[in-house]
Amino acid sequence: MVPEALVQDIEEQTVEDIRTGRVAVREQIEGPSGQRLWDNIDGSWTKPLPAEQAPLFLRKLVYRCDACHEASNIKGAIPEHIRQVLENVKTHQRARIKAELVGRETIQVCTGCKTAFPSRRQQGVRHLERVRAMGPAHANAKEVLMARFSLGPPQGAKQ
């Protein structure tokens, strides 16, 4: 359970962000079809919500990895995510993609995690690049408690 004082601080911070201009408020966010909110994890607007439900969504808090878009409602899930990413990076440091014959087909297999890539050769290469690139970003990653939704995107965010 998140302490009420923390929820209140986040709500006050959102109002302060709007007042100081750090968050842009969309002009026509409320109307007959409802109110749209900014999803701080996905970086996009929600579908219109009934106006009476918007305050409930604005109170929703999530834990997020500050190195990527991973988010969870469960405290402790993000440190586990970070641990798994760093472990995957280690197992993929010397990994390569090798061809294996399965029945009559040749498939590409990652030697780091045994994931099979049936037909497209570059799929495996992209897999290795993606996993290896996550290492530096997650080396000092932390769990951050944040509001899932807000009235608008942070200033400078792409819409």
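The values are calculated or read from the model by the stated rules, or taken from the named source; none is laboratory data. Note that the coordinates shown come from a computational prediction; the quantities given were computed from them, not determined experimentally. Counting neighbours? That spans all protein chains shown, and the Cβs are built from the backbone with ideal geometry, glycine included.
Among the residues of the stretch 140-150, are any in contact (Cβ under 8 Å) with a residue 24 or more places away in the chain, surrounded by fewer than 15 Cβ atoms within 10 Å (Cβ to Cβ), closer than 30 Å to LYS47 by Cβ and out of contact with any strand residue (DSSP E or B) (no Cβ under 8 Å at 6 or more places or on another chain)? No; the residues of the stretch 140-150 include none that is in contact (Cβ under 8 Å) with a residue 24 or more places away in the chain, surrounded by fewer than 15 Cβ atoms within 10 Å (Cβ to Cβ), closer than 30 Å to LYS47 by Cβ and out of contact with any strand residue (DSSP E or B) (no Cβ under 8 Å at 6 or more places or on another chain).
Looking across ALA137, ALA147, ALA141, ALA157, one residue alone is modelled with pLDDT under 85, under 30 Å from LEU61 (Cβ atoms) and under 16 Å from the mean Cα position of the chain (by Cα). It is ALA157. Taking the criterion of being in contact (Cβ under 8 Å) with a residue 12 or more places away in the chain and more than 26 Å from HIS81 (Cα to Cα), the only residue of the stretch 54-68 that qualifies is ALA54.
Name the single residue that is modelled with the lowest pLDDT among those in the stretch 70-99 being buried (at least 16 other Cβ atoms within 10 Å of the Cβ) and not in a helix (DSSP H, G or I). Checking each candidate, the answer is ILE97. Based on what the data block shows, is GLN123 of a type in the set (S, T, N, Q), assigned to a helix (DSSP H, G or I), more than 18 Å from the chain's Cα centre (by Cα) and outside the structural domain of TRP45 (by TED's automatic domain parsing)? Taking the combined requirement at face value, the residue satisfies it. Screening THR111 on (1) surrounded by fewer than 18 Cβ atoms within 10 Å (Cβ to Cβ); (2) polar (S, T, N, Q); (3) under 25 Å from the mean Cα position of the chain (by Cα) shows it passes everything except condition (3).
When the stretch 125-152 is filtered for residues that are closer than 25 Å to GLY76 by Cβ and among the acidic types (Asp, Glu), only GLU143 remains.
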